[in-house]
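Following: one structure in structure tokens, then a few remarks.
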Amino acid sequence: MRLRTSCDLAFDILDPASFILMLRPRSGMQQWIEREEYILRPQVPVREFTDHYGNFCQRLVAPVGPFSIHTSALVYITDRMMRVPGAPFMSIQDLPDDVLIYLLPSRYCEAEHFGQLATEITAGQKPGYNQVSAIETWLRSSLRYDSRLSDLFVSAVEVNARQSGVCRDFAHLGIALCRSISIPARMVVGYLHDLLPMDLHAWFEAFVGGRWYTFDATQPYLRVGYVTLGRGRDAADVAVYNQFGAPVFPVQQRVTVESIEVLNIT
């Protein structure tokens, strides 16, 4: 599948503002970046680095006045999402070193509070993938999606208490439940084709059977169309932009994801 993704952000800057952005997808097992465009108006110096989680990040200082960011990418993604019921649980001693951090509680995923609930949700399931699938099903049936809560950043404990939230909240609670039963889980942000309403999206991945698998309780079923921008422990690690100094909020934000036909020429 071939997708064109874009994100446009516009700000009114009152004082010079330092930004860290995470708006460049990178090629990997599930996606290949054919072409990118990254336009800043006005143009300012940018320094790029790779963070602790392997995400492409950009550092810049936005000047006073109108400031806009336009990014777009042409991306080939997998035509099939991997679902492998029965993929086994991995003992802690067998996990790769770089996966261990995704077992620990984090700012928005207090895994230490969810052991009993996760055990109840996954009762009778084969350890591993089937447990995560049971958690995904429970989230889908137990939480109410409410777009009005998108500006409220709360933790998994609070999400579970109110039983509602947006995609970020569904992911946080799913991650906390997985970690509480010793299954590594991490947050992913990016794009999803045909998402309604269209916006940036969040989901989670769990590590079982020696690899990461995608789970998304906000959708009725797992389908193709995901493009990853960043991965991390929770939302604190994967903000598409962080701004420092006097608070600055977008005066405009627009996200698009289009399917692009691939022509076979013979």
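Here, each number is a calculation from the coordinates, and none is a lab measurement. From a predicted model like this one, the values you see are computed outputs, not experimental measurements. Glycine also receives a Cβ, built like all others from the backbone with ideal geometry; neighbour counts cover every protein chain displayed.
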Assign unit charges at the C-beta atoms only (+1 for Lys and Arg, -1 for Asp and Glu), then state the dipole size of the range 23-130 relative to its Cα centre in Debye, rounded to the nearest 20. 380
For the chain: relative contact order, % (alpha-carbon pairs under 8 angstrom, 6 or more apart): 29
Specify which residue in the list SER72, GLY209, GLN116 is farthest towards the positive end of the charge dipole of the chain, using unit charges on the beta carbon of Lys, Arg (+1) and Asp, Glu (-1), about the Cα centre. GLY209
What ratio of Cα Rg to 2.2 N^0.38 Å holds for the range 92-223? 0.98
Charge dipole of the range 92-223 about the Cα centre (unit charges at C-beta), most positive-ward option of PRO127, ILE181, VAL157: PRO127
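With +1 assigned to the C-beta of every Lys and Arg and -1 to the C-beta of every Asp and Glu, and no other charges, what is the dipole magnitude of the range 92-223 about the Cα centre in debye, to the nearest 20? Kindly include the intermediate steps, with their values, before the conclusion.
Details: 11 positive and 15 negative charges, 46 e Å.
For this selection, approximately 220 debye.
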The chain -> Rg/Rh from Cα coords, Kirkwood Rh, value 0.98
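What is the magnitude of the charge dipole of the range 156-266 about its Cα centre, with +1 placed on the Cβ of each Lys and Arg, -1 on the Cβ of each Asp and Glu, and no other charges, expressed in debye to the nearest 20? Could the numbers behind the result be given before it?
Numbers: 9 positive and 10 negative charges, 63 e Å.
So the dipole magnitude of the range 156-266 works out to roughly 300 debye.
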Please list 230-242, 204-216 highest first by mean number of surrounding beta-carbon atoms within 10 Å per residue. 204-216, 230-242
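Scan the range 128-177 for chymotrypsin sites (Phe, Trp or Tyr not before Pro) in coil per DSSP, keeping those whose Cβ has at most 11 other Cβ atoms within 10 Å, and list them by number. Intermediate values should be presented prior to the final figure.
Numbers: sites: TYR129, TRP138, TYR145, PHE153, PHE170; in loops: PHE153.
Answer by residue number: there is no such site.
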